[in-house]
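What follows draws every value from the coordinates through simple rules; no lab data is involved. Remember, predicted model here, so these are calculated numbers, not experimental data. So basically every Cβ, Gly included, is an ideal-geometry build from the backbone, and we count neighbours across all protein chains shown.
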């Protein structure tokens, strides 16, 4: 059945790259298997959404899809299914196709059809948990796979839950002498008690003593890359947002920002002078 990748993501064909990314992010959060472990329908739809984003989220693959060069599964159009062909490369990814009837027809007609050459081994699929900080900063981590192997994995800054990391040649070995398959790591990003993420920006609350809010000063703020000193302007109110440039998601070439929302706190609620001042302010 022909699938419209744009319809799967719920966007129009004129959608921008940002529109597509936002649509995928929303659907991935809504359908992620970790949130619906027993819902097969949502799991299947999550797979379709992810597969659609792998094509529409890539500029070259989207152009090829729009031009009819590849189908909704990423396979090239215009090939004769009866012919045998091996690996092909298009748009920075690799696929392989085999005709399942080759062996049957070969046995019936004495090898009348050419048998396929060495085929790639099958992929291994895993689910891995990535910390909030690693997803923000990027990192390399040793991860233990289900088969006991420990793989050193590069975690790119900006990765989100539902996205997949491909480790070349770390899958099942080929049974026909071809290259091994790949390891496909489906990522789930952990949460943080300090920061929240808004696209490539981070947000956090910062408690500021009343004296500093009134007179101005500095407070120490924790960022994913370490503590920094934040300057508080004189006369700051609760709810004001101060921006720490380039302290958000460290996406190469365009890091996000960290926004600190100020929450003004009374230094000493029992301070008599403070109460006296407050009463005077209320009377005037």
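Dividing the radius of gyration of the alpha carbons in region 196-283 by their Kirkwood radius gives 1.11 for Rg/Rh. An ellipsoid equivalent to region 118-191, defined through the eigenvalues of its Cα gyration tensor, has semi-axes of 26, 11, 10 Å when rounded to whole angstrom and sorted largest first.
For region 132-269, the alpha-carbon radius of gyration amounts to 1.47 times the rule-of-thumb value 2.2 N^0.38 Å expected for a compact globular protein.
Sorting the segments 51-60, 64-73 by their residues' average number of neighbouring beta-carbon atoms within 10 angstrom, most packed first, yields 51-60, 64-73.
For region 196-283, give me the percentage of DSSP beta bridges that are antiparallel, rounded to the nearest 5 percent. Roughly 65 percent of the beta bridges in region 196-283 run antiparallel, per DSSP. For residue 220 and residue 63, a Förster radius of 41 Å and the Cβ-Cβ distance give a FRET efficiency of 0.25, rounded to the nearest 0.05.
Here the label points at residue 127 and residue 40, each 7 Å from Cα along the C-beta direction, are separated by 1.7 nm in the simple model. Each Cα pair under 8 Å and six or more residues apart adds its separation to the average, and for region 118-191 the resulting relative contact order is 47 percent. The calculated FRET efficiency for residue 281 paired with residue 207, based on their beta-carbon distance and R0 = 22 Å, is about 0.45.
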